[in-house]
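This report refers to the structure that appears directly beneath it.
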């Protein structure tokens, strides 16, 4: 499947590492004009060296006011990938207010805020667009010590459908992908218990974990015109 994003403005959050970083690299290679957003400046510097010409924005998306200052006038964006997330590991009975607030601020609230900024710009310009949220299988299948993280991803599923319904009249599509464990540094945190890792792999229909390329390919498809009739989809590599 040949995809071409030449000249299309795109914004990717959580662009410093893992899925977000590889999404930026793929979009850049396919001709998109990419804005890469991360809270870690060193990651953005190295990413700029790999992808000359991209625009970088260093901001903590968990800070509403800082995000508004950094992205409020970001310019035209036709393609948005909401990938930024934190993954705290805490048993439910030990969940703290600080962890709860931080996780919801980064994983969910920033998704809403950045999507509002981008969608308002699309509507003002009268152009169609595509928004893809990077969710997780834990939106549907719970795992130990991930109650807060899972809750943010479950909420993303609802926001995906609600946004798709409200933005559809403006020809803005909204979808999400729900990968199983992806073999990134973040994903490895979930696999520290070998017994949990074994059970997860056994439950997957293909008996495997996902590579970042698998997820990036799904994101690119949903961003592209090849999925022009797809909106409100909350799908991916969920466990059976």
Margin query: For the stretch 1-27, give me each residue that is touching a helix residue (DSSP H, G or I) at 6+ places or on another chain (Cβ under 8 Å), modelled with pLDDT of 95 or more and assigned to a helix (DSSP H, G or I).
Written below: 21, 22, 23, 24, 25, 26, 27
Next item on the list: With the checklist (1) surrounded by fewer than 21 Cβ atoms within 10 Å (Cβ to Cβ); (2) not in a loop (DSSP other than H, G, I, E, B) in hand, flag the one item residue 44 doesn't pass.
Entry: (1)
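Is it the case, given these coordinates, that residue 136 is modelled with pLDDT under 90, surrounded by 15 or more Cβ atoms within 10 Å (Cβ to Cβ), closer than 17 Å to residue 82 by Cα and in contact with a helix residue (DSSP H, G or I) (Cβ under 9 Å, 6 or more places away or on another chain)?
Values: modelled with pLDDT under 90: yes; surrounded by 15 or more Cβ atoms within 10 Å (Cβ to Cβ): yes; closer than 17 Å to residue 82 by Cα: yes; in contact with a helix residue (DSSP H, G or I) (Cβ under 9 Å, 6 or more places away or on another chain): yes.
Yes.
Got a number for residues in the stretch 47-63 being part of a helix (DSSP H, G or I) and surrounded by 12 or more Cβ atoms within 10 Å (Cβ to Cβ)? Can you show your working first?
Taking the stretch 47-63 as the starting set, the residues that turn out to be part of a helix (DSSP H, G or I) are 47-50.
Restricting the remaining residues to those that are surrounded by 12 or more Cβ atoms within 10 Å (Cβ to Cβ) gives 47-48.
So the answer is 2.
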Note to self: I need the full set of residues from the stretch 93-127 which are surrounded by 13 or more Cβ atoms within 10 Å (Cβ to Cβ) and not in a helix (DSSP H, G or I), in order please.
What the structure shows: 95, 127
Margin query: When you check residue 85 against the structure, is it surrounded by 17 or more Cβ atoms within 10 Å (Cβ to Cβ) and assigned to a loop (DSSP other than H, G, I, E, B), yes or no?
Written below: yes
Notebook entry, point to check: Condition test on residue 167, is it in contact with a helix residue (DSSP H, G or I) (Cβ under 7 Å, 6 or more places away or on another chain), assigned to a helix (DSSP H, G or I) and in contact (Cβ under 8 Å) with a residue 24 or more places away in the chain?
Noted result: yes
Next item on the list: Quick one: count up the residues across the stretch 139-161 that are more than 20 Å from residue 223 (Cβ to Cβ) and either more than 14 Å from the chain's Cα centre (by Cα) or not in a helix (DSSP H, G or I) (or both).
Entry: 12
Checklist line | Only one of 12, 34 that is in contact (Cβ under 8 Å) with a residue 12 or more places away in the chain, crowded, with 23+ Cβ neighbours inside 10 Å and more than 30 Å from residue 143 (Cα to Cα) | finding: 34
Next item on the list: Looking only at the stretch 69-78, count how many residues are part of a helix (DSSP H, G or I) and surrounded by 15 or more Cβ atoms within 10 Å (Cβ to Cβ).
Entry: 2
Next item on the list: Name every residue in the stretch 28-40 that is closer than 20 Å to residue 105 by Cβ, in a loop (DSSP other than H, G, I, E, B) and either in contact with a strand residue (DSSP E or B) (Cβ under 7 Å, 6 or more places away or on another chain) or at pLDDT below 95 (or both), in order of residue number.
Entry: 39
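The values are calculated or read from the model by the stated rules, or taken from the named source; none is laboratory data. Computed from a predicted model, the values in this text were never measured in an experiment. Methodologically, a virtual Cβ is constructed for each residue, glycine included, from the backbone with ideal geometry; neighbour enumeration extends over all protein chains shown.
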